[in-house]
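Read the structure below first, then the notes.
The values are calculated or read from the model by the stated rules, or taken from the named source; none is laboratory data. Because the structure is predicted, anything quoted here is derived from the model rather than measured. Here the Cβ is made from the backbone with ideal geometry for all residues, glycine too, and neighbour counts use every protein chain on show. The protein model used for the area step is the full one, side chains on, heavy atoms only, and it has no ligands, DNA or RNA in it. Shrake-Rupley method; radii C 1.70, N 1.55, O 1.52, S 1.80 Å.
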Amino acid sequence: MRTGISVEEALELVLAEAKGELPVEEVPLKEAYGRVLAEDLVSLVNHPDQDDTAIDGYACRQEDALGASRENPVRLRVIGQSPAGRPFAGRVGRGEAVAVYTGAPIPEGADAVIRVEDTRREGDYVLLFAPASPKDIRPQGDDLRKGEVYLRRGDLLTPGRLGLAAAMGYPRLKVFRRPRVGILSTGDEVVEPGEPLPFGGVYNSNAYSLLGLVKEAGGEPVLLGKVEDQPERVLEKLEAAGPLDLLLTSGGVSMGEYDVVRKVLETAGEVVFWKVKQQPGGPLLLARLGGLPILGLPGNPVSSMVTFFLYGRPFLFRLQRRTDSPYRSLEARVLTPFKGAQGKKVFRRGVLSFEGEIVVRTTGSQSSGVLRSMALGNALVVLPPDRDAREGERVEVIPLTFVL
Ligand code: AMP
Ligand code: MG
């Protein structure tokens, strides 16, 4: 077992556990939003299908209307129309025009269009008050070319990508099965909301903040309830958990007599590391139990959320083969001081905003027990070991992507 490792080393060890391949399932487009593609998608069509018009107006031969102006309009004979979806079947000859509507194919023989605002219809004729031009013709395949790959395995299906998949002609998509993530809360003092709170009790908030985080990362949370601080009970629960891709425990990984998660996993499983040089979340533990990766998150509500965000979320991204990164750093100017810690990388909670430049303020108390900081904040302020951040300084911030 490794101990006292850096954030970077810990992340590497966690990612190395994401070896499994998630099964693939097929879903209709309307259920694919937020899922992760399990196949590359080749466009089945050209878009536009043909050269088409981007404007309402008239299609004609460019050379017929070169000198057209208000003073010297050009008169063309209108031989038909081409609404979107009902293309004109004939051919445009010299001195002729076809009325076209946005999205309609350019009729054969025409190579230019003019917008309706620069024309006047007179019976079977149209007057052009400006030259017609090819610039408002969208060439065939301008957006999508048949046979090209536009979406890849591992791409999260965002609204734009879902639309793109539809535009390419796919009614159903192959996506990865959502990773199943067990959530087990430990602690004699932990009580479900709705039950009376005994003296010294605390409501089980971790299960629900983690549920949200797991969902946000594309996983399917499996709530395993809570377990007392007794090794046999913890082991029972772990072994009865059912098929999972990752198990999260909260609590029981510190130094105390009742920190049973670590003790149980040391004997029944295999602990990869325990303790990371960071704050909050220092007692984080990574273990395996019969092939199942387990993240032992510290019980403090902020610590469990921050460690899941920093390690559990990247693990789930890797497992889903996601092509986007689990988090990105920005630089922000500090408006309130943030305290660092000796020998530890620190993740404070801040509120990020744009006030002529990107700025960040504290959410207030930065104690690991103050869950409000995670509810009010929208970013983690990252301080390297042994560094405070004073007002006016620039710091690294990681937006909590699920609120920005
Ligand atoms: P532990 O990591 O077990 O030492 O717990 C650290 C702190 O987090 C203690 O104050 C616990 O009461 C609190 N805590 C542990 N589990 C939970 C939970 N599921 N929900 C809210 N607070 C918790
Ligand atoms: Mg505990």
Mind scanning Lys237/Lys263; Lys237/Lys277; Lys215/Lys277; Lys19/Lys275; Lys19/Lys263 and naming the pairs with a C-alpha gap bigger than 21 Å?
-> Lys237/Lys277; Lys215/Lys277; Lys19/Lys275; Lys19/Lys263
So the FRET efficiency between Lys146 and Arg91, C-beta based with R0 = 22 Å and rounded to 0.05, is 0.30
Any idea what diffusion coefficient the range 234-317 gets from Stokes-Einstein, in µm²/s, Kirkwood Rh on alpha carbon pairs, 25 °C, 0.890 mPa s?
-> 193
Of Gly256, Gly282, Gly377, the most mobile residue in a GNM of the chain (C-alpha springs, cutoff 10 Å) is Gly256
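Rolling a 1.4 Å sphere over the protein heavy atoms, what is the accessible area per residue of the range 93-142, to the nearest Å²?
Details: 2480 Å² over 50 residues.
Each residue of the range 93-142 exposes 50 Å² on average to a 1.4 Å probe.
List the chymotrypsin sites (Phe, Trp or Tyr not before Pro) in the range 143-226 that DSSP assigns to loop (not H, G, I, E or B) and whose Cβ has at most 10 other Cβ atoms within 10 Å. Which are they?
Taking the range 143-226 and a limit of 10 other Cβ atoms within 10 Å, the loop chymotrypsin sites (Phe, Trp or Tyr not before Pro) found are Phe199.
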Residue list for the range 78-97, given a label point 7 angstrom along the Cα-to-Cβ vector of Arg121 and an amide N cut-off under 15 Å | 78-84, 97
Leaving out ligands, DNA and RNA but keeping every protein chain, what accessible area does Thr102 have, in Å² rounded to the nearest 10, with a 1.4 Å probe?
-> 70
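Stokes-Einstein diffusion coefficient for the range 1-89 at 25 °C in a medium of 0.890 mPa s, Rh from the Kirkwood formula over Cα pairs: what value in µm²/s? Working shown, then result.
Values: Rh = 20.8 Å.
The calculation lands on 118 µm²/s.
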How big is the Cα convex hull of the chain in projection, averaged over all directions, in nm²?
-> 27.3
As straight-line cross-link partners of Lys135, the qualifying lysines (C-alpha separation under 26 Å, not fewer than 8 residues apart within one chain) are Lys146
The Rg/Rh figure for the range 7-47, Cα atoms and Kirkwood Rh, to two decimals is 1.18
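Hey, what's the range 334-395 come to in accessible area per residue, 1.4 Å probe, Å²?
On the way: 3070 Å² over 62 residues.
Normalised by residue count, the accessible surface of the range 334-395 is 49 Å².
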Counting only protein heavy atoms, what percent of the accessible surface of the chain is carbon or sulfur at a 1.4 Å probe?
-> 51
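Count neighbours as other Cβ atoms within 10 Å of each site's Cβ, and list the GluC sites (Glu not before Pro) in the range 245-318 that are DSSP loop with at most 11 such neighbours. Spell out each step's value before the answer.
Details: sites: Glu257, Glu266, Glu270; in loops: Glu257.
Qualifying residues, ordered by number: Glu257.
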